[in-house]
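Every read-out reported here was derived from the displayed coordinates using simple, explicitly stated rules and does not represent laboratory data. Just so it is clear, the structure is predicted and the values come from calculations on it, not from any experiment. Cβ atoms come from the backbone with ideal geometry, glycine included; neighbour counts cover every protein chain shown.
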Amino acid sequence: MTLRYGPLWLNLVRKDLRLKYQGSWIGVAWSLVNPLVLLAVYGLTFTYIIPLAIPRFVLFLLVGLVHWNLFAQTAVASAGSIVDNASLLRKVRFPAEVLPLATVGFYLAQYACALVVLLPAAYLGYGVRPGWGTLGFLPLLGLQVAYMSGIAFFLSAATVRSRDVRHFVEVAVLVLFWLTPVIYEVRTLGGDIRRLIALNPLTPLMLGYQAVLFRGESLPAHSWVAPAAWAALLLGGGWAYFRRQRWRFPEDA
Amino acid sequence: MASELALEGVSKDFVLRHNRADALKLRFVGLFNPAYRERLEVLPAVRDVTFELARGEWVGIVGRNGSGKSTLLRLMAGILAPTRGRVRVRREARLVSLIELGVGFQPELTAVENVFLQASLFGIDSARTRRMLPRVAEFSELGSFMDVPLKSFSSGMSMRLAFSVAMAMDPEVLLLDEVLAVGDVAFQQKCMERTERLRQDGCTVALVTHDLALVERVCARLIVMDGGRVVHDGDVRGGLARYQALLSGHAAGAPPELRLASGSRA
């Protein structure tokens, strides 16, 4: 049933990409601008103003930022994915889950554009020779997609119940950014704050990306346990909530 | 005869929230002023409806405003979930519902891109859509406009495109809300001819409309709705008489009670 709507998912992702970049001179290259500007700002700040003394800092930042951006942008945008398409849901029968999943797909596509350009550039700039092990980030990305899908299911359905969710997510993401090891390393932290950050489901993912893409290490088996468990929990919980709420969408969205 | 679509004791209740008080401020005001307090009202839009549509059957659905006919159609289409009862559609039946023409059309995208989007909304894959394209272009007479963004279309052109896409999907069960013919007289004529072919192909059609002449012309069966109930299900002539009686009774009777049974709150 849902497989039949694969083409719809693809068309929705394509539509959003086309609408976003059409009529613009540099088109998809805009998806590089956001991470580049953030890299420049954070890079300058934490090299010259508040030095963090992380070697190859721009590469470190890049690895964290592109994955953080993917997560944060998806979370914020997915909250509206049901409510903003209410007129469709009221007039055509199709599986509503396509909508939040299309939001995930849209940001995944932008992330891919940024990653394939910026990561090789950073490796080149620092003279790093990536090996096949670099591809070890793909299973981590898979888990992150599960995180995001679950959260998108939950937030899109919850926004139908209360429009406050949207505003809440926008604020929550600001806070979560500093509780996620994107621009700092966890091992330099001590005590309570480190325990707090360890509770963040994004932390094991970020540590994984940093190990694989920044330090070129491979991940030991035990470091997959936490992110896999979080992925199952978020995806399962989000989907269960979405399914319970979906009958409301054509009426309340 | 195998039924294409069957409703078994289907009811749909809408919950109306008078003075919807989501905001804390409104809730607070409501504590002191009852006029601002939220009240919930259960509105039975469709009540205990049972019928079957056989293959190739053309049924008209009429009723006064708010009698529940559009809600019924959306229940049949599977857009709304029934509060009670069951809606069954033959497995694998290509069901196309046109509650409104051009749902999901994107003005910034070209006609071709919109056809793909629209077809996939109905679960049609890209290969089949590609095969549909020549027929859509031909029927809609929009051949040289197919690569133009929809925003430069007139509303008539958009309607023609939407209708052509629906027809090119070769529906087996077609659910229509007031959209059987669109465009100018010549195009409407074409729509009616295409509709005749649907009949020959054995397509099953349910048509919600206020156009009684149209009902007489194309339908062999008429369902009359009133207050969410089916008050007539059978021959067209008898149904029309029943409907006329409802209309005149309504005109002569007490002021109409508030009925928002169609459920669209937009």
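Per-structure values
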{"item": "For the protein assembly as shown, share of DSSP beta bridges that run antiparallel, in % to the nearest 5", "result": "55 percent"}
{"item": "Principal axis dimensions, largest first and in whole angstrom, of the protein assembly as shown by Cα", "result": "87, 64, 41"}
{"item": "Distance (nanometres) between label positions extended 7 Å along Cα→Cβ at A:R18 and A:A40", "result": "3.2 nm"}
{"item": "Overall dimensions of chain A as given by Cα atoms, namely Rg and Dmax in Å", "result": "18.9, 57"}
{"item": "Expected 222 nm ellipticity per residue - DSSP helices of 4 or more, -39500 (n - 2.57), all of chain A, to 500", "result": "-22000 deg cm²/dmol"}
{"item": "Chain B shape via C-alpha gyration tensor axes, a/c threshold 1.5", "result": "oblate"}
{"item": "Low-density loop positions, GluC sites (Glu not before Pro), segment B:60-164 - DSSP coil, at most 14 other Cβ in 10 Å", "result": "B:E92, B:E108"}
{"item": "Scattering profile of segment B:70-228 at q = 0.16 Å⁻¹ [log10 I(q)/I(0), Debye over alpha-carbon scatterers]", "result": "-0.95"}
{"item": "Exposure proxy ranking, count of Cβ atoms within 10 Å, fewest first, for A:H67, A:H222, B:H232", "result": "A:H222, B:H232, A:H67"}
{"item": "Euclidean distance of C-alpha centroids, segment A:127-195 and segment B:1-55, integer Å", "result": "39 Å"}
{"item": "Helix-derived mean residue ellipticity, 222 nm - over chain B, DSSP H n ≥ 4, -39500 (n - 2.57), to 500", "result": "-11500 deg cm²/dmol"}
{"item": "DSSP-assigned coil residues among chymotrypsin sites (Phe, Trp or Tyr not before Pro) in segment A:17-75, each with at most 14 further Cβ atoms within 10 Å", "result": "A:W25"}
{"item": "Volume per residue of the C-alpha convex hull in segment A:106-153, rounded to whole Å³", "result": "70 Å³"}
{"item": "Estimated translational D of segment B:1-89 in µm²/s (Stokes, Kirkwood radius over Cα pairs; 10 °C; 1.306 mPa s)", "result": "104 µm²/s"}
{"item": "Shape category assigned to segment B:1-159 from the gyration tensor of Cα positions, a/c cut at 1.5", "result": "oblate"}
{"item": "Nearest-20 debye value, the protein assembly as shown charge dipole, Cβ charges on Lys, Arg, Asp, Glu", "result": "760 debye"}
